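The values are calculated or read from the model by the stated rules, or taken from the named source; none is laboratory data. Keep in mind the model is a prediction, meaning the values are calculated, not measured. Every residue, glycine among them, receives a Cβ derived from its backbone with ideal geometry; neighbour counts consider all protein chains shown.
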Amino acid sequence: MTVIDEFVASHPRSKQLHERALSHFAARGATHVGRMWHPFGIYITHGQGSRIWDVDGHEYIDYRNGHGALILGHGHPAIVKAIQEQTTRGTLYSASHELEIEWAELIKGMVPTAERVEFFACGQEANLMGIRVARAFTARTRILKFEENFHGWANELLDPGALGAVNTEVTAIPMHDLAALEEELATQQYAIVLTEGGGARLAGQIPWDPDFIRAVGPLAKRHGTIWLLDEVVTGFRDGPAGWGGVMGLRPDLTTFGKSVAGGMPAGVLTGRADVMAMLTPRPPPEGWIPHSGTWNAMPIVCAAGIAACKLLKDGLIQKRIDEMGAYMRKTGNKALQERGYNWRLYGRSIIHTYFGPADFEVDEAGNPPTRDAERMLAGDAEKHKLGTYLLHHGIHTHQGRMFILSMAHTREDIDRTVDALISAIGAAMADGAIGQSPL
Ligand SMILES: Cc1ncc(COP(=O)(O)O)c(C=O)c1O
């Protein structure tokens with residue numbers, strides 16, 4: 001009997017719900033591409049702190065944390081209180097209210113480049129408006145992005161060739177290809193260049209080389225292109241001014257989401273006042289961009305956002321989470337090395353799994369010594385399989401690829417997780433689900 005057989009046998013209620021979901025949701029019964037699991041995902045009843053529980057009564061240490069939004073963990077009392085109190089006063093006014101101003105002021109106090117602030121229902125909407133204002137400001141249409149960088153699923157945010165996407169205006173170039181960046185920008189056709197905070201895929205499965213990311217702004221400026229830094233994941237996770245703040249970057253536009261609203265649905269576009277002024281009504285023939293959206297600055301979201309930003313603004317929570325990440329890298333890599341496994345852990349407060357020839361050390365800051373996309377992305381299929389083995393060991397990851405930490409995780413959680421990781425890799429290898437190395 002393999003671990004997968006045991007997993008199926010011990011999750012009868014999740015299996016039943018998965019089978020029911022198959023006739024509703026076309027993506028193998030899942031409501032989000034990242035919630036698809038082999039052979040099926042777990043169905044959750046509740047979460048608290050660093051834990052979630054499923055319908056079969058199993059407890060998990062949760063390293064998905066609301067797709068990275070729950071930096072404060074599940075059910076943080078300040079967020080629960082803010083939402084509960086605001087709910088009794090009204091959820092949606094379709095009129096202005098003081099909370100939106102308070103939240104914007106908190107964000108501006110944290111982000112030095114935030115001259116103006118706009119609220120949206122989610123991160124990708126903020127990115128789309130960033131593109132729109134940049135197009136209006138530059139009177140250009142083309143969009144430059146980097147391969148593997150994720151900004152949402154809308155047409156303008158995807159690499160060319162994505163099924164069903166109409167995005168002939170988009171060019172995607174390889175990360176770290178300075179010549180390609182210079183060549184494309186020099187055409188002076190691009191309204192905007194998009195970069196993901198930290199690196200490609202959830203804060204840096206492929207981390208940015210600091211020299212490269214620092215070159216993007218000046219190059220974009222020289223050629224009249226607006227630079228947008230997408231901090232939907234890294235925003236306030238990497239520090240009170242986001243990853244850009246840590247790196248000393250000054251993008252024209254920056255977007256936030258996830259943690260910025262304490263786990264409630266929101267997106268925020270911030271940046272230069274002159275670019276954002278494309279949203280200011282002007283008489284014809286100039287024109288302007290009307291910003292609608294039923295859920296913009298929803299009072300319960302603002303209340304949660306205010307509570308979250310107040311907690312995150314001094315950076316102490318992020319520091320604690322980063323320390324926990326460093327502890328996980330250190331203990332995890334030591335255990336992996338001792339077993340001779342070709343797996344490594346790297347990253348900051350989102351710990352990524354590497355699977356391939358492990359002929360290197362991860363440095364103190366969590367950087368792997370390679371930014372070779374092929375190596376960093378190798379073994380995604382095996383990582384996904386490992387994800388199910390980890391579930392069986394009580395660990396809920398981003399499909400075996402990432403452990404997203406929150407302030408609720410403790411050293412005891414990490415110790416249990418490292419033990420589970422070692423057992424899960426051993427079991428997956430014994431079952432023949434994964435080999436020694438994908439490369
Ligand atoms: C870097 C990045 N940008 C944008 C988005 C889209 O955000 P949302 O799902 O809130 O629209 C995501 C979602 O995971 C993301 O990781």
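Mind listing just one residue for me: the one in segment 219-238 that is more than 16 Å from the ligand (Cβ to nearest atom) and in a loop (DSSP other than H, G, I, E, B) and, of those, farthest from G271 (Cα to Cα)? Result: H223.
For I52, the conditions (1) assigned by TED's automatic domain parsing to the domain that holds V233; (2) in a strand (DSSP E or B) all hold with the exception of (1). Cβ-Cβ contacts under 7 Å between residues 6 or more apart (or on different chains), taken from a first residue in segment 121-133 that is in a helix (DSSP H, G or I) to a second residue that is among the hydroxyl-bearing types (S, T, Y) and near the ligand (Cβ under 9 Å from one of its atoms), are listed as G123/T255; A126/T255; N127/T255; G130/T255.
Could you check, for segment 111-122, whether at least one of its residues is more than 12 Å from the ligand (Cβ to nearest atom), closer than 16 Å to W295 by Cβ, in contact with a Leu (Cβ under 7 Å, 6 or more places away or on another chain) and at pLDDT 95 or above? For segment 111-122, residues more than 12 Å from the ligand (Cβ to nearest atom), closer than 16 Å to W295 by Cβ, in contact with a Leu (Cβ under 7 Å, 6 or more places away or on another chain) and at pLDDT 95 or above: present. Scan segment 383-396 for residues that are touching a strand residue (DSSP E or B) at 6+ places or on another chain (Cβ under 6 Å) and in a helix (DSSP H, G or I) and jot them down. Passing the criteria: only K383.
Filtering segment 325-367 to residues that are part of a strand (DSSP E or B) and of a type in the set (S, T, N, Q) leaves only T353. Scanning segment 152-163 turns up no residue that is more than 16 Å from the ligand (Cβ to nearest atom) and crowded, with 18+ Cβ neighbours inside 10 Å. For the criterion of being of a type in the set (D, E, K, R), closer than 23 Å to P290 by Cβ and within 16 Å of the ligand (Cβ to nearest atom), E196 fails. Remark: V216 matches the filter, which requires a residue to be buried (at least 22 other Cβ atoms within 10 Å of the Cβ), outside any strand (DSSP E or B) and not polar (S, T, N, Q). Only a single criterion out of (1) in a loop (DSSP other than H, G, I, E, B); (2) over 19 Å from G244 (Cβ atoms); (3) under 22 Å from the mean Cα position of the chain (by Cα) is not satisfied by T113, namely (2). Residues that are surrounded by 14 or more Cβ atoms within 10 Å (Cβ to Cβ) and either within 30 Å of V275 (Cα to Cα) or within 16 Å of the ligand (Cβ to nearest atom) (or both) are absent from segment 51-60 altogether. Tell me, yes or no, whether segment 65-74 has at least one residue that is more than 27 Å from G152 (Cβ to Cβ), outside the structural domain of T234 (by TED's automatic domain parsing) and surrounded by 16 or more Cβ atoms within 10 Å (Cβ to Cβ). Looking for residues that are more than 27 Å from G152 (Cβ to Cβ), outside the structural domain of T234 (by TED's automatic domain parsing) and surrounded by 16 or more Cβ atoms within 10 Å (Cβ to Cβ), one finds none in segment 65-74, hence no. Reported count of residues in segment 186-202, each being in a loop (DSSP other than H, G, I, E, B), modelled with pLDDT of 95 or more and under 21 Å from R401 (Cα atoms), is 2.
Give me the residue from segment 402-423 that is part of a loop (DSSP other than H, G, I, E, B) and touching a Ser or Thr at 6+ places or on another chain (Cβ under 6 Å) and, out of that set, surrounded by the most Cβ atoms within 10 Å (Cβ to Cβ). Ranking the qualifying residues of segment 402-423, first place goes to L405. Taking the criterion of being touching a helix residue (DSSP H, G or I) at 6+ places or on another chain (Cβ under 7 Å), farther than 27 Å from G130 by Cβ and hydrophobic (A, V, I, L, M, F, W, C), the residues of segment 74-116 that qualify are A78, A82, I83.
Of all residues in segment 1-49, those being in a helix (DSSP H, G or I) and not small (G, A, S) number 16.
Could you check, for segment 203-219, whether at least one of its residues is free of Cβ contacts under 8 Å to residues at least 12 places away in the same chain and farther than 27 Å from D380 by Cα? Yes, there is a match, as at least one residue in segment 203-219 is free of Cβ contacts under 8 Å to residues at least 12 places away in the same chain and farther than 27 Å from D380 by Cα.
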